[in-house]
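Below is one structure, written out as structure tokens, with a few remarks after it.
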Amino acid sequence: MSNNTLGGGCFCGQIRYEIRAEPALQVLCFCTDCLKTTGTSGYGGYMVQESHFAVVRGEPRVHSRQSKEGRTVRRNFCPECGSNLFGVTDFGLVSVAAGTLDDPERFQPSKKVFVDDAPHWARVPDELEAM
Ligand SMILES: [Zn+2]
Ligand SMILES: [Zn+2]
């Protein structure tokens, strides 16, 4: 693994991925789909171009669903431990779950999205720019 490569994976270690470029966007997402699939509010999306992302071990299970805006998101998770790993959008970006990065400190969100959908107990950072 080179210095420019950022690795990550699921809780049990069966699925591993690598990211080979800087992220295109880093967001905290408060949408209801992320709420449901992660079980909490404020999904950390470390978004990278699809061509710079690869699964290098294991085979995630995939669940496809159309988002509110009519876009299809293919959510990938570990069939063994259930970790929510990444979502592949139909606009060429992979939204990697920031908590699954080997070094979660690399995640530095600058934007927040769908804050109106956040439940009352969510902590929405004021300093982030709304998208
Ligand atoms: Zn796993
Ligand atoms: Zn979301």
Revision key, fill the gap. Filtering segment 7-31 down to residues that are over 14 Å from the mean Cα position of the chain (by Cα) and more than 16 Å from ligand 1 (Cβ to nearest atom) yields R20, A21, E22
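Here is a yes/no grid of residues against (1) more than 16 Å from ligand 1 (Cβ to nearest atom); (2) of a type in the set (S, T, N, Q):
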residue: D33; (1), (2): yes, no
residue: R57; (1), (2): no, no
residue: K68; (1), (2): yes, no
residue: T72; (1), (2): yes, yes
Exercise for review: Name the single residue, out of those in segment 72-131 being out of contact with any Pro (no Cβ under 8 Å at 6 or more places or on another chain) and of a type in the set (K, R), that is surrounded by the fewest Cβ atoms within 10 Å (Cβ to Cβ).
Suggested key: R123
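Every number in this text was worked out from the coordinates using simple rules, so none of it is lab data. As the structure is a computational prediction, the values presented were derived from the model and not from experiment. Using ideal geometry, Cβ is built from the backbone for each residue, glycine included, and neighbour counts are taken over all protein chains shown.
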